[in-house]
1. Once you keep just the Cα pairs under 8 angstrom separated by 6 or more residues, what percentage relative contact order results for the chain?
2. Can you work out the accessible area per residue across the chain, with the rest of the protein chains kept in place, probe 1.4 Å, in square angstrom?
3. So for the range 14-111, averaging the separation of alpha carbon pairs under 8 Å that are six or more residues apart and normalising by length, what relative contact order in percent results?
4. Can you tell me, using C-alpha contacts under 8 Å and at least 6 residues apart, the relative contact order of the range 128-173 as a whole percent?
5. Percentage of Cα-Cα pair distances in the range 43-83 greater than 17 Å, rounded to whole percent?
6. Going out from 0 in 5 Å bins, what whole percent of all Cα-Cα distances in the chain drops into each bin?
7. Give me the accessible area of Tyr84, 1.4 Å probe, in Å² rounded to the nearest 10.
8. In whole Å, largest first, what are the principal axis extents of the Cα atoms in the range 10-103?
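The values are calculated or read from the model by the stated rules, or taken from the named source; none is laboratory data. The model shown is predicted, which means the values in this text are computed figures rather than measured ones. These accessible areas exclude ligands, DNA and RNA; they are computed on the full protein's heavy atoms, side chains included. Shrake-Rupley method; radii C 1.70, N 1.55, O 1.52, S 1.80 Å.
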Amino acid sequence: DNARAICQAADAAGTTVTLDMEDHTTTDSTLDILTKLRKDHPGTGAVLQAYLRRTESDCRELAYAGSRVRLCKGAYREPESVAYQADRDVDRSYVRCLNVLMSGDGYPMLATHDPRLIAIGEDRARWFDRGPDRFEFQMLYGIRPEEQARLAAEGYTVRTYVPYGDDWYGYLMRRLAERPANLAFFGRALASKK
């Protein structure tokens, strides 16, 4: 009911809602809520996490016309039974999922700061003949601002995320604490100007 109220407010404001994804135990319920919301609010998007072994299949199910999917690597510490553990396996899964979304009819939202994955995203856009209005890159505010500016200057849509609200600091700290690699990534990103 709360999600419906938020989607109604977003419709009235001329914008959309993207459902965030938590740990693997909530994936089915989140996608179920997505299905229900899309009946009245078809622009509702969802986040899928490439490190989950199931995500390539979820991408196939959601790569249809009008579907908005935000693809990220994933932030939670998950068991090996449900998630890839090695960085290279997560990256490979991200690329497989990216290929599914870019070859489909939906609207992929590529959430990554990884230069290799950004380059692959640009390559796949050309490969699948996707103009810059048919997908977007998403990054956090303050992380790799020069890369954000480069992508925007080349005509790509770049959405910049900013944690806000009463619990913005708690949100950021949870993201850093959930996976130790996040802290190292965040530190490297702050030190990099690219």
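1. Numbers: 277 pairs, mean separation 30.1, N = 194.
Rounded, it is 15 percent for the chain.
2. Numbers: 10600 Å² over 194 residues.
Using a 1.4 Å probe on heavy atoms only, each residue of the chain averages 55 Å².
3. Relative contact order comes out at 30 percent.
4. Once normalised by length, the contact order is 40 percent.
5. 31
6. 1, 7, 15, 20, 22, 18, 12, 4, 0
7. Tyr84 exposes around 50 Å² with every protein chain in place.
8. 43, 28, 19
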